[in-house]
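Structure first, commentary second.
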Amino acid sequence: DAKTTQPTSMDCAEGRAANLPCNHSTISGNEYVYWYRQIHSQGPQYIIHGLKNNETNEMASLIITEDRKSSTLILPHATLRDTAVYYCIVRGSGGQGAQKLVFGQGTRLTINP
Amino acid sequence: ETGVTQTPRHLVMGMTNKKSLKCEQHLGHNAMYWYKQSAKKPLELMFVYNFKEQTENNSVPSRFSPECPNSSHLFLHLHTLQPEDSALYLCASSPDDRGEYEQYFGPGTRLTVT
């Protein structure tokens with residue numbers, strides 16, 4: 001699995017957009033970028049995923065660079081409930097081991113009032 | 001509420017005890033997973049089941065014994081654990097194990113081994 005690099009921690013003011021970067025310079029052509037978050041003492045929660053195109057859902061937007069070596073998760077109007085650890089994961093779409101979600105240390109995002 | 005439930009939510013057990021963790025998913029999924037999250041360490045995949053068959057054992061010690069009687073239920077049987085096995089144990093499910101789908105996680109069981 002390709003590895004990802006994320007900042008250890010970030011702060012964002014409530015109501016502002018939170019932009020969480022992720023580097024995945026060794027990503028291969030059939031690997032997706034997934035984002036999960038884990039609120040304290042809860043199980044991880046799926047947020048969004050993408051392959052090449054930018055994606056948007058009710059929770060967030062995912063911007064993937066044209067060379068696919070990095071991406072940004074955007075929470076458009078952060079609330080206090082968005083305080084969590086955010087994981088960027090690169091994952092294949094088929095074959096042995098493709099089911100694995102390899103979690104790194106993630107980014108601890110703190111939303112401040 | 002993710003559709004994946006885990007019981008118990010908290011468990012304290014001695015090193016000579018035998019206990020079981022239970023996971024149930026109400027999503028109609030065919031793949032189920034056990035993960036371990038120790039303090040200050042990333043989540044680690046332990047086991048994967050797809051259509052009740054084990055497809056992955058991530059070098060887990062034999063004192064952890066999984067069981068998947070059907071696609072909706074997953075158990076983790078515990079015996080002669082060590083204090084370093086204290087962790088949050090998370091169950092997840094997905095439509096299948098091919099990696100095209102997101103996984104839905106339960107709330108976890110916080111295990112303390114004394």
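Within segment B:73-100, if we keep just the residues that are assigned to a loop (DSSP other than H, G, I, E, B), in contact (Cβ under 8 Å) with a residue 60 or more places away in the chain and closer than 25 Å to A:Y34 by Cα, the residue that is farthest from the other protein chains (Cβ to nearest Cβ) turns out to be B:P95. Within the option set B:K52, B:K41, B:K22, being under 12 Å from the mean Cα position of the chain (by Cα) and either within 19 Å of A:L101 (Cβ to Cβ) or surrounded by 13 or more Cβ atoms within 10 Å (Cβ to Cβ) (or both) holds for one residue only, B:K22. Which of the residues spanning segment B:92-114 are in contact with a Phe, Trp or Tyr (Cβ under 9 Å, 6 or more places away or on another chain) and among the aromatic types (F, W, Y)? B:Y104, B:F105, listed by residue number.
Taken over segment B:61-72, the criterion of being without any contact (Cβ under 8 Å) to a residue 40 or more places away in the chain and open to solvent by 30 Å² or more (accessible area, probe 1.4 Å) is satisfied by B:P61, B:S62, B:R63, B:S65, B:E67, B:P69, B:N70. Here the strands (runs of 3 or more DSSP E) wholly within segment A:13-113 that include at least 2 residues being within 12 Å of chain B (Cβ to nearest Cβ) are A:31-38, A:45-50, A:84-92.
Residues of segment B:40-63 that are within 12 Å of chain A (Cβ to nearest Cβ) and part of a loop (DSSP other than H, G, I, E, B): B:K40, B:K41, B:P42, B:L43, B:N58.
Restricting attention to segment A:1-35 and to residues that are open to solvent by 70 Å² or more (accessible area, probe 1.4 Å) and of a type in the set (S, T, N, Q), the residue that is nearest to A:I74 (Cα to Cα) turns out to be A:N19. Is it fair to say A:E58 is among the acidic types (D, E) and closer than 27 Å to B:R98 by Cα? For A:E58, the condition - among the acidic types (D, E) and closer than 27 Å to B:R98 by Cα - is met. Whether a residue is open to solvent by less than 50 Å² (accessible area, probe 1.4 Å) and within 26 Å of B:C23 (Cα to Cα) was assessed, and A:I64 does not pass this test.
Of the set (1) open to solvent by less than 30 Å² (accessible area, probe 1.4 Å); (2) in contact (Cβ under 8 Å) with a residue 40 or more places away in the chain; (3) assigned to a strand (DSSP E or B), all apply to B:H29 but (3).
The values are calculated or read from the model by the stated rules, or taken from the named source; none is laboratory data. Here the structure is a predicted model, which means the values were calculated and not measured. In this analysis, Cβ positions are derived from the backbone assuming ideal geometry, glycine residues included, and neighbour counts consider all displayed protein chains. Protein only, heavy atoms only, side chains kept; ligands, DNA and RNA dropped before computing areas. Shrake-Rupley method; radii C 1.70, N 1.55, O 1.52, S 1.80 Å.
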